[in-house]
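So the structure is just underneath, and the comments pick up after that.
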Amino acid sequence: MSPIFEYAPAPESRAVVDIAPSYGLFVDGEFREAADGRVFKTVSPSTEEVLAEVAHAGAEDVDAAVAAARRAFGPWSALPGSERAKYLFRIARIIQERSRELAVLETLDNGKPIRETRDVDLPLVAAHFFYHAGWADKLSHAGFGPDPRPLGVAGQVIPWNFPLLMLAWKIAPALACGNTVVLKPAETTPLSALFFADVCRQAGLPKGVVNILTGDGSTGAALVAHDGIDKVAFTGSTAVGKRIARTVAGTAKRLTLELGGKGANIVFDDAPIDQAVEGIVNGIYFNQGQVCCAGSRLLVQESVHDELMEALKRRLATLRVGDPLDKNTDIGAINSAEQLARITELVDSGEAEGAVRWSPACELPERGWWFAPTIFTNVTQAHRIAREEIFGPVLSVLTFRTPDEAVAKANNSQYGLSAGVWTEKGSRILAVADKLRAGVVWANTFNKFDPTSPFGGYKESGFGREGGRHGLEAYLDV
Ligand code: NAD
Ligand code: MG
């Protein structure tokens, strides 16, 4: 199916944000170089252009940041909740005011479409700060006793797929509950966290309450192993999560882990097909499929398989892959060469193991890292593409005949982060959702996020919840 009209280019201006040639670490309210002077570069995944040079924090810098957070903890936790709330409200409003800058910066550093950073990431980031600002003076009514206390200094490590949103999920509840933080963003996407450091200064946040250390896995490892922290919060791969759990075991540190997923999106034969197609697309092609809760396994009732696949393929042919700064782009760049290699390796295994691969005709830009939206049919539960997290725009399609079979197949995974159910029967939604071992179950929708709603996993998807009243527990001594 060829489009009737060509789209004119609709680029967002990158001039709205100033990117400095180099950035320091944010420690004790100041930007400073790494103690040993190390730096690394961050690039734009869609052009491979170097955006900036960033300080690489080592052990000495981790010491300094943890010490700053410790000094700040006493006064910060002693503030009345209503005073802490004022800072969080201020941060939320500054983020709203500067959201265009932040959206462009995030798109440049991460490669995701501006349509998503502008319409999804940034509004959610602001919402998380507003929501937790509201909790700061109501903690004694949260169901954790009359005067729940903060834990102390939190060491937080986040991934690259939603850089600023994951920062918000970590920092907003920590601060609302009276903790101070040292946060390490991912090495491929440090810039929005450093911009956030500037937002903290603009908001007049007391120095040391938020510290940002840029660096790679070695920086993260030094942070989570540091004796001076009371709490570790990690979002990232299951492999690294397991390593962190071993590091923290036997210490008094509290731990929450948000890890990988292999979400099942279940379509029953009575589902509205067109709506389901939109939900499937949103479930696996949103953010190039680099989403921990992506609906990467489609389970279709056998009787509607062919009809659904036809409709889905028609829809995929209309997705626009390309310049993430273009407002009409649906699918942007893959975050890094390493991630692209991981996707490619798993997709090759899918073909080798006998699944049928399909992609719409689409031209990929020459520079940068790209992967065409892909569907695998004839997938069995034994295939690697049905079991392992691909973290890319690749959908594995399996079929089922009965609701019991759907549930059994959905739960046949080492992961348990998300699932979707598509059917017009409310009773079936409730019955199936009840049996799914997934932290979040969406019904007739997918990838909907809200700060009031707790998010987290079962099994190897991790433990602990972020968001909602439940998420506060991770930052309170209860
Ligand atoms: P990753 O685990 O390699 O890296 C995540 C972060 O951990 C980065 O900041 C990295 O520098 C740091 N890190 C690496 N090694 C470390 C170590 N030994 N100790 C401490 N920190 C270390 O993951 P990734 O490839 O960057 O991100 C993709 C993965 O993250 C996917 O598996 C995805 O499912 C998962 N993820 C999960 C969620 C969730 O909420 N459950 C959200 C986003 C991403
Ligand atoms: Mg980058």
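Inside the range 432-447, can you point out the residues that are buried (at least 20 other Cβ atoms within 10 Å of the Cβ) and polar (S, T, N, Q)?
Answer for the range 432-447, where residues must be buried (at least 20 other Cβ atoms within 10 Å of the Cβ) and polar (S, T, N, Q): just ASN447.
Which numbered condition trips up LYS112, out of (1) surrounded by fewer than 18 Cβ atoms within 10 Å (Cβ to Cβ); (2) not in a helix (DSSP H, G or I)?
So the condition that LYS112 fails would be (1).
More than 16 Å from ligand 2 (Cβ to nearest atom), farther than 28 Å from THR219 by Cβ and not assigned by TED's automatic domain parsing to the domain that holds LEU325: does that describe ALA127? Give the steps one after another, and end with the answer.
Working: more than 16 Å from ligand 2 (Cβ to nearest atom): yes; farther than 28 Å from THR219 by Cβ: yes; not assigned by TED's automatic domain parsing to the domain that holds LEU325: yes.
Answer is yes for this residue.
Here is a yes/no grid of residues against (1) under 23 Å from ALA176 (Cα atoms); (2) at pLDDT 95 or above:
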residue	(1), (2)
PHE5	no, no
GLU12	no, yes
ASP18	no, yes
GLU30	yes, yes
LYS41	no, yes
SER46	no, yes
VAL54	no, yes
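Report the residue count in the range 130-162 for those that are within 30 Å of ASP326 (Cα to Cα) and away from ligand 2 (no atom under 16 Å from the Cβ). Walk me through it before giving the result.
In the first step, residues of the range 130-162 are kept if they are within 30 Å of ASP326 (Cα to Cα); the result is 130, 158-162.
Filter once more, keeping what is away from ligand 2 (no atom under 16 Å from the Cβ): 130.
Total satisfying the criteria: 1.
Return the residue satisfying two criteria in turn: it lies in the range 340-382 and is charged (D, E, K, R) and in a loop (DSSP other than H, G, I, E, B), and of such residues it is farthest from the chain's Cα centre (by Cα). If you could, list the steps in order and put the result at the bottom.
Filtering the range 340-382 down to residues charged (D, E, K, R) leaves 342, 345, 348, 351, 353, 357, 363, 366-367.
With the extra rule that they be in a loop (DSSP other than H, G, I, E, B), the set shrinks to 353, 363, 366-367.
On the way: GLU353: 30, GLU363: 27, GLU366: 27, ARG367: 25 Å.
Among them, the one singled out is GLU353.
Which residue is nearest to GLY220 (Cα to Cα), if the candidates are limited to the range 231-282 and must be in contact with a Lys or Arg (Cβ under 8 Å, 6 or more places away or on another chain) and part of a helix (DSSP H, G or I)?
VAL281
Consider LEU165 against the criteria (1) part of a helix (DSSP H, G or I); (2) hydrophobic (A, V, I, L, M, F, W, C); (3) crowded, with 24+ Cβ neighbours inside 10 Å: it satisfies all of them except one. Which criterion is unmet?
In the conditions (1) part of a helix (DSSP H, G or I); (2) hydrophobic (A, V, I, L, M, F, W, C); (3) crowded, with 24+ Cβ neighbours inside 10 Å, LEU165 misses (3) alone.
Consider ASP63 carefully, then state whether it is closer than 25 Å to ALA174 by Cα and acidic (Asp, Glu). Steps first, please.
Working: closer than 25 Å to ALA174 by Cα: yes; acidic (Asp, Glu): yes.
Here the answer is yes, as ASP63 does meet what is asked.
All but one of (1) within 14 Å of ligand 1 (Cβ to nearest atom); (2) in contact with a Gly (Cβ under 9 Å, 6 or more places away or on another chain) hold for ALA337, so report the exception by its number.
Against the list (1) within 14 Å of ligand 1 (Cβ to nearest atom); (2) in contact with a Gly (Cβ under 9 Å, 6 or more places away or on another chain), ALA337 comes up short only on (2).
Among ALA126, ALA142, which is the only one that is away from ligand 1 (no atom under 16 Å from the Cβ) and within 19 Å of the chain's Cα centre (by Cα)? Reasoning before the result, please.
Working: ALA142 fails: within 19 Å of the chain's Cα centre (by Cα).
It is ALA126.
With the requirement that a residue be more than 20 Å from ARG115 (Cα to Cα) and surrounded by 15 or more Cβ atoms within 10 Å (Cβ to Cβ), what does the range 3-31 give you?
Across the range 3-31, the qualifying residues are ILE19, TYR23, GLY24, LEU25, PHE26, VAL27, ASP28, GLY29, PHE31.
Out of the residues in the range 241-262 that are crowded, with 20+ Cβ neighbours inside 10 Å and more than 29 Å from ARG71 (Cβ to Cβ), state the one that is farthest from ligand 2 (Cβ to nearest atom).
Going through the qualifying residues, I end up with LYS262.
Would you be able to say whether some residue in the range 207-226 is surrounded by fewer than 21 Cβ atoms within 10 Å (Cβ to Cβ) and under 17 Å from ARG32 (Cα atoms)? Full working, then the answer.
In the first step, residues of the range 207-226 are kept if they are surrounded by fewer than 21 Cβ atoms within 10 Å (Cβ to Cβ); the result is 207, 216-218, 221, 225-226.
Going one step further and asking which of them are under 17 Å from ARG32 (Cα atoms), we end up with 207.
Scanning the range 207-226, I find at least one residue that is surrounded by fewer than 21 Cβ atoms within 10 Å (Cβ to Cβ) and under 17 Å from ARG32 (Cα atoms), so the answer is yes.
What residue, of PRO173, PRO190, PRO185, is free of Cβ contacts under 8 Å to residues at least 60 places away in the same chain, within 16 Å of ligand 1 (Cβ to nearest atom) and buried (at least 24 other Cβ atoms within 10 Å of the Cβ)?
On the way: PRO173 fails: free of Cβ contacts under 8 Å to residues at least 60 places away in the same chain; PRO190 fails: free of Cβ contacts under 8 Å to residues at least 60 places away in the same chain.
Result: PRO185 is the single residue among PRO173, PRO190, PRO185 that is free of Cβ contacts under 8 Å to residues at least 60 places away in the same chain, within 16 Å of ligand 1 (Cβ to nearest atom) and buried (at least 24 other Cβ atoms within 10 Å of the Cβ).
Within the range 197-214, does at least one residue satisfy the condition of being within 13 Å of ligand 1 (Cβ to nearest atom), over 17 Å from TRP169 (Cβ atoms) and touching a residue at least 12 places away in the same chain (Cβ under 8 Å)?
First, the residues of the range 197-214 that are within 13 Å of ligand 1 (Cβ to nearest atom): 212-214.
Checking the rest, the ones that are also over 17 Å from TRP169 (Cβ atoms) come to 213-214.
In the following step, the residues that additionally are touching a residue at least 12 places away in the same chain (Cβ under 8 Å) were identified as 213-214.
Yes, the range 197-214 has at least one match.
If you check every pair at least six apart or on different chains, which have Cβ atoms under 9 Å apart with a residue in the range 223-240 that is more than 6 Å from ligand 1 (Cβ to nearest atom) and modelled with pLDDT of 95 or more first and a residue that is assigned to a strand (DSSP E or B) and acidic (Asp, Glu) second?
ALA233/GLU258; ALA233/GLU466; PHE234/GLU258
Has the range 179-189 got at least one residue that is farther than 22 Å from GLU33 by Cα and either at pLDDT 95 or above or in the same structural domain as ALA337 (by TED's automatic domain parsing) (or both)? Walk me through how you get there before you give the answer.
At the first step, the residues of the range 179-189 found to be farther than 22 Å from GLU33 by Cα are 179.
Now restrict to residues that are either at pLDDT 95 or above or in the same structural domain as ALA337 (by TED's automatic domain parsing) (or both): 179.
Checked against the condition, which is being farther than 22 Å from GLU33 by Cα and either at pLDDT 95 or above or in the same structural domain as ALA337 (by TED's automatic domain parsing) (or both), the range 179-189 yields at least one hit.
When the range 344-367 is examined, which residues are found to be within 23 Å of LEU325 (Cα to Cα) and of a type in the set (A, V, I, L, M, F, W, C)?
ALA361, CYS362, LEU364
For the range 168-187, give me each residue that is assigned to a loop (DSSP other than H, G, I, E, B) and of a type in the set (S, T, N, Q). Write out each step before concluding.
Start the filter on the range 168-187 by keeping residues that are assigned to a loop (DSSP other than H, G, I, E, B), which leaves 177-179, 185-187.
Scanning the range 168-187 gives a single hit, ASN179.
If I ask for residues that are within 16 Å of ligand 2 (Cβ to nearest atom) and either out of contact with any Ser or Thr (no Cβ under 8 Å at 6 or more places or on another chain) or part of a loop (DSSP other than H, G, I, E, B) (or both), which ones from the range 188-216 would you list? Break it down stepwise before answering.
Taking the range 188-216 and keeping what is within 16 Å of ligand 2 (Cβ to nearest atom), we get 188-196, 212, 214-216.
Correct list: THR188, THR189, PRO190, SER192, PHE195, PHE196, ILE212, THR214, GLY215, ASP216.
Is it the case, given these coordinates, that ILE4 is under 30 Å from LEU325 (Cβ atoms) and touching a residue at least 40 places away in the same chain (Cβ under 8 Å)? Spell out the reasoning first.
On the way: under 30 Å from LEU325 (Cβ atoms): yes; touching a residue at least 40 places away in the same chain (Cβ under 8 Å): no.
Considered against the rule, which asks whether it is under 30 Å from LEU325 (Cβ atoms) and touching a residue at least 40 places away in the same chain (Cβ under 8 Å), ILE4 comes out as no.
The values are calculated or read from the model by the stated rules, or taken from the named source; none is laboratory data. Computed from a predicted structure; not experimentally measured. Please note: Cβ atoms are built from the backbone with ideal geometry, for glycine as well, and neighbour counts cover all protein chains shown.
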